[in-house]
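Enquirer: A single structure is presented below for examination.
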Amino acid sequence: MLPAGLFSLSSISYLNLASNVLSGSLPSHLNCGGELGFVDISDNRLVGGLPSCLNTISDKRIVKVGGNCLSLDTQYQHSEGYCKQANSDKKQITGKQIALLAGVIGGIVIVVVFLLVVLFIFRRKRHARNMVDKHIPPKVVQNTQPGSSELLANARVISQVANTGSQGAPSYRVFSLEELLEATENFDQSALLGEGSVGKIYKGRLENGAYIAVRSLNVYKRYSNRNLKLRLDLLSKFRHPHLVSLLGHCIDGGAPDDSTVPRIFLIYEYISNGNFRAHLSGQLSKSFSMSIACVLMLG
């Protein structure tokens, strides 16, 4: 559209709007400023007639309107169909530009949506992986204190040995400290059979007349009362015809609050033929060493 307000500016004297592809018609009531002396609206797409302020022939104002589609007899004008076709082509070009712009915007939107979907899937997989990692139990770190896996392994070995034959073996039981004190006469020096790296061995006699060998062991502080009882329970199942039978045990110093135990006693059957040291160093020492190994695991 032609900016009609420019013509009425009071201080404007020169107005050149040529070759601006202006379309439409000029308003019939268009007013021209008093100082306007030159107007050039040629080579546009204007149709219709000229307003009176531009159509008046005067020496004071020069008006150029050629190259339009105005209904004038003077100056060169195109047919009205020419301007309409030009306007139609302009609208078509504008439509193509809009379609191109819409396509570009649509492509950008699709790319953004795709990236958001990929980001969502990636974060969801990472969250799922983190959840799985949280539920995977951590690897057991070995320390100086044997754990449940060691106990299970010992239990399997003991079970295998026990299954090889335990007929005729005395039953295993827990002895009281009073019984051992009475059997060994308060661990008198005369009852001492020997002393090794793992403790002293005493000979004793129970109330029923049976002779026993009592091994005194100092236990490391790392075992609690409950832990020690569990290991002794495993050791009680260690029976074999070729091994000296373990008759029971006695825990000295165990506190009710499951605190650590300073000392335990292991009670074996007493071998009457020869002294205890001779049998340990003789043929039975090989088989008895397995039992000693189990004893050593306690301390």
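Enquirer: Check Val39, Val65, Val47 and return the single one that is in contact with an Asp or Glu (Cβ under 6 Å, 6 or more places away or on another chain) and at pLDDT 85 or above.
Expert: Working: Val39 fails: in contact with an Asp or Glu (Cβ under 6 Å, 6 or more places away or on another chain); Val65 fails: in contact with an Asp or Glu (Cβ under 6 Å, 6 or more places away or on another chain).
None of the others qualify; the one that does is Val47.
Enquirer: How many residues, within region 18-28, are hydroxyl-bearing (Ser, Thr, Tyr) and outside any strand (DSSP E or B)?
Expert: Residues of region 18-28 hydroxyl-bearing (Ser, Thr, Tyr): 19, 23, 25, 28.
Retained after the next criterion (residues that are outside any strand (DSSP E or B)): 19, 28.
Total satisfying the criteria: 2.
Enquirer: Step by step: first the residues of region 205-233, then only those that are part of a loop (DSSP other than H, G, I, E, B) and modelled with pLDDT of 75 or more, then the one that is nearest to Glu185 (Cα to Cα). Which residue is that?
Expert: So, considering only residues that are part of a loop (DSSP other than H, G, I, E, B) and modelled with pLDDT of 75 or more, the one nearest to Glu185 (Cα to Cα) is Leu206.
Enquirer: If you don't mind, there's one more thing I want to ask. Restricting to region 1-17, what's the tally of residues that are assigned to a loop (DSSP other than H, G, I, E, B) and surrounded by fewer than 16 Cβ atoms within 10 Å (Cβ to Cβ)?
Expert: Initial filter on region 1-17 (assigned to a loop (DSSP other than H, G, I, E, B)): 1-3, 7-13, 17.
Now restrict to residues that are surrounded by fewer than 16 Cβ atoms within 10 Å (Cβ to Cβ): 1, 3, 8-11, 13.
Count: 7.
The values are calculated or read from the model by the stated rules, or taken from the named source; none is laboratory data. None of the values given here were measured: they were computed from a predicted structure. In this analysis, Cβ positions are derived from the backbone assuming ideal geometry, glycine residues included, and neighbour counts consider all displayed protein chains.
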